[in-house]
Amino acid sequence: MMWLIRQLQLIWFQDIHGVESMTVDMNQVTIDPRIIIIALRKMPKLRLLALRGNFNMDLEWNTVFLEGFQLPNDLSNVEKLWDTPQNLPSLEFLDLCCCKHLIECPNLAGATNLKSIKLDGCKSLQDVDPSIFSLPKIEELHVSYCTSLKRLCGDYCSPSLHCLWATGCSNLKEFSISMMADHSNLRLLLPSTALSEVPSTIMHLKDLEWFSFNISYSLEKLPQNFASIIALTDPIKHEDGTCIMLRRILPTPAFLSLKELVFYRCKRLSELPDNIHVLQSLQVLALDDCHVIKSLPTSIKNLQQLIELWIANCEMLQYVPPLPPSIIYFKALNCKSLETLSSLTSEPPRQHNAWFGFHNCTMLDDDAYEAVLKDLKSRIELVANNDGYPHNEANNGNTFLYYYLPSKESITNEWFPDYYSREASIIVEVAPDHKISSCLVGCILISQYQSFNFGVKKVIFGWKCYLRKGCNDWEWITTSGNRGLLTGYAFSDVIDQLEMVSDHKVVWYDGESSNMITEAIKEKKRDTACNPILKFEFYANTEDNEEVVMKGFGIRWMHVHVNHDGQISPDATHVGYESHDVERRTYHMTTPSNNQSFCGEHLHFLLFVIVVIAFVYLVTL
């Protein structure tokens, strides 16, 4: 007993009132466990307590006021925390994820400031205390993959709740949480559960931010403007084929007003219904882990508001038909069988900006690459023709076209026949007959071997362009660059599947930078008879300055011509225009090791002529 008193004195006189976080290795603790309880009582500001090792004691939660408490995974043997309501007015965050033996969630009626509860992966959890839903400040409840959970019930739901995740609760058969009609901006995810019909307690809701559910005929009953995003998974009841069910569900009020539609892990969905074109409000369409789908319906081109199309891990997808002209973002990830793209858009595009990616789609045929190049040309023509379509305000009015796809050496050589180098610096002499209508396109070849995952980190890439003013004097003109996830955004559980399986190339057009280079060329030609010489220095790195391994760099001039009828002919290959092949021979590219200016070359030639004349004169004497 004297030993206990001495330890009490040490804690009593030590100032631990301001402690906010503490980690304790219970295997190293030799003091009486009651000392820990007394210490916790003196830490009212404690937000995080992590106890490691063997742990078997009652911490008397009714006397410990924590603002946040997190249990690490090695305490997964706990079955319950307390039986009677506890007064925890400072508790804001409770994380009990992966406590595999937790049978019941404690009564939290006394945690009046609790905002977030995480119970994901508590596989033995059978019930959630209804008091949770009536907490005045509750914002989030996560119970995903609680495979023994049978019900979620509550007579009242606090309007502060904006997120309820219950994905993969395979035994969840009852959902009867009463919600007010004005409970909007809610994210309610109930996919891959045992719920065969949409719960009646949510049928009256509107303006949900996100709703996820199994494909079911009960979705037909949802009201107009029910949710901005609806994500669907495989049906529980297989009354009909999945596609047949969707054909009946899509022309209903909730879907006709829908902005985003996601098909997630629909492993029985072999095709999308051909009446998908009825979704005239749809802006985003996504398919993830729909393994058996082989193609998309041709009617997709009639989705006049569609801006984004995301396809990930659809391993049997072989064909993508022409997309609507409204499309801006198209990302295909890990579509290992994708071969054919007849064209990216069904008619000339209506947008100045584009972001197209084909990460690990290594089976694309040559025609698919031609479709990408055609789309690039069409969008550049759109800009040059100044057709009146608005620029993307997010890019401050600038035009940026971006294409990311597996590299094929033959295609790269064809696209960049003159200016392609394995050095990150390219010097270009602009020919005297250079067309001012030319638009500059850049290319970077990215190695598949990187020290980071492209699905996690954003990449900053582009070039810096300089104009030669003297022998070793370069004047900066502009920097072309952009940043983003090259793979596009993906569900967190597939990020580890985004490692590159081959080299990929990024091809882009930056309208603002291209125009600034054109103006610099025009100004240089006005000031001197010498041909302008440009230097392009390429770069690519992550936002935290991690270097991207690059293997090649290229630029290409693309020429557009406006006919009298307002139509544009690309690349001057039509009758009446000079061929690319003629102008290619006038271009000159050097690496940094042998760069000489145009004027310098002529000076050397003149000196050579003078020396020859002098030699001939001396010989004839």
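The values are calculated or read from the model by the stated rules, or taken from the named source; none is laboratory data. Everything numeric in this text was worked out from a predicted model, so none of it was measured. Glycine also receives a Cβ, built like all others from the backbone with ideal geometry; neighbour counts cover every protein chain displayed.
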Do we find that residue 400 is closer than 20 Å to residue 546 by Cα and in contact (Cβ under 8 Å) with a residue 24 or more places away in the chain in this structure? no
Mind listing whichever residues of the stretch 257-277 are more than 19 Å from the chain's Cα centre (by Cα) and farther than 12 Å from residue 305 by Cβ? 266, 267, 268, 269, 270, 271, 272, 273, 274, 275, 276
Which members of the stretch 448-473 meet the condition of being under 16 Å from residue 536 (Cα atoms) and in contact with a helix residue (DSSP H, G or I) (Cβ under 6 Å, 6 or more places away or on another chain)? 465, 467
Residues in the stretch 83-90: is at least one surrounded by fewer than 22 Cβ atoms within 10 Å (Cβ to Cβ) and under 38 Å from the mean Cα position of the chain (by Cα)? yes
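Residue-wise test of (1) outside any helix (DSSP H, G or I); (2) crowded, with 18+ Cβ neighbours inside 10 Å.
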{"position": "314", "(1), (2)": "yes, yes"}
{"position": "317", "(1), (2)": "yes, yes"}
{"position": "332", "(1), (2)": "yes, yes"}
{"position": "335", "(1), (2)": "yes, yes"}
{"position": "367", "(1), (2)": "no, no"}
{"position": "370", "(1), (2)": "no, no"}
{"position": "375", "(1), (2)": "no, yes"}
{"position": "379", "(1), (2)": "no, yes"}
Flagged in the stretch 163-221 as touching a residue at least 40 places away in the same chain (Cβ under 8 Å), under 21 Å from residue 244 (Cβ atoms) and in contact with a helix residue (DSSP H, G or I) (Cβ under 7 Å, 6 or more places away or on another chain), in numbering order, are 215
Flag if residue 414 is in contact with a Lys or Arg (Cβ under 7 Å, 6 or more places away or on another chain) and not aromatic (Phe, Trp, Tyr): no
In the stretch 415-424, residues that are of a type outside the set (A, V, I, L, M, F, W, C) and at pLDDT below 90 total 4
Count of residues meeting criterion [at pLDDT below 95 and among the basic types (Lys, Arg)] in the stretch 174-205: 0
Given (1) part of a loop (DSSP other than H, G, I, E, B); (2) over 14 Å from residue 539 (Cα atoms), index of the condition residue 423 fails: (2)
Which of the residues that make up the stretch 211-224 are surrounded by fewer than 19 Cβ atoms within 10 Å (Cβ to Cβ) and out of contact with any Pro (no Cβ under 8 Å at 6 or more places or on another chain)? 217, 218, 220, 221
Scanning the stretch 261-300 residue by residue, those among the acidic types (Asp, Glu) and surrounded by fewer than 17 Cβ atoms within 10 Å (Cβ to Cβ) turn out to be 271, 274
Residue list for the stretch 444-468, filter: crowded, with 21+ Cβ neighbours inside 10 Å and part of a loop (DSSP other than H, G, I, E, B): 454, 455
For the stretch 295-338, enumerate the residues that are in contact with a Cys (Cβ under 9 Å, 6 or more places away or on another chain) and charged (D, E, K, R). 315, 336
Going through the stretch 129-160 one residue at a time, which ones are in contact with a Lys or Arg (Cβ under 8 Å, 6 or more places away or on another chain) and assigned to a loop (DSSP other than H, G, I, E, B)? 137, 138, 139, 145, 146, 147, 148, 150, 158, 160
Among the residues of the stretch 312-352, what is the count of those that are under 17 Å from the mean Cα position of the chain (by Cα) and under 21 Å from residue 379 (Cβ atoms)? 6
In the stretch 485-526, the residues that are modelled with pLDDT under 85 and not in a loop (DSSP other than H, G, I, E, B): 492, 493, 494, 495, 496, 497
Kindly establish whether residue 117 is among the hydrophobic types (A, V, I, L, M, F, W, C) and part of a helix (DSSP H, G or I). no
Determine whether residue 390 is part of a loop (DSSP other than H, G, I, E, B), modelled with pLDDT under 85 and within 24 Å of residue 521 (Cβ to Cβ). no
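Would you confirm, using the coordinates I've provided, whether residue 287 is in contact with a strand residue (DSSP E or B) (Cβ under 6 Å, 6 or more places away or on another chain) and modelled with pLDDT under 95?
When the stated conditions are applied, residue 287 does not pass them.
Answer yes or no: is there a residue in the stretch 405-414 that is farther than 21 Å from residue 323 by Cα, at pLDDT below 90, crowded, with 19+ Cβ neighbours inside 10 Å and in the same structural domain as residue 559 (by TED's automatic domain parsing).
Yes.
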All-but-one check, residue 441 against (1) outside any strand (DSSP E or B); (2) among the hydrophobic types (A, V, I, L, M, F, W, C); (3) under 26 Å from the mean Cα position of the chain (by Cα); (4) under 17 Å from residue 557 (Cα atoms), failing number (1)
Suppose we filter the stretch 190-201 for residues that are buried (at least 22 other Cβ atoms within 10 Å of the Cβ) and either of a type in the set (S, T, N, Q) or not in a loop (DSSP other than H, G, I, E, B) (or both); how many remain? 2
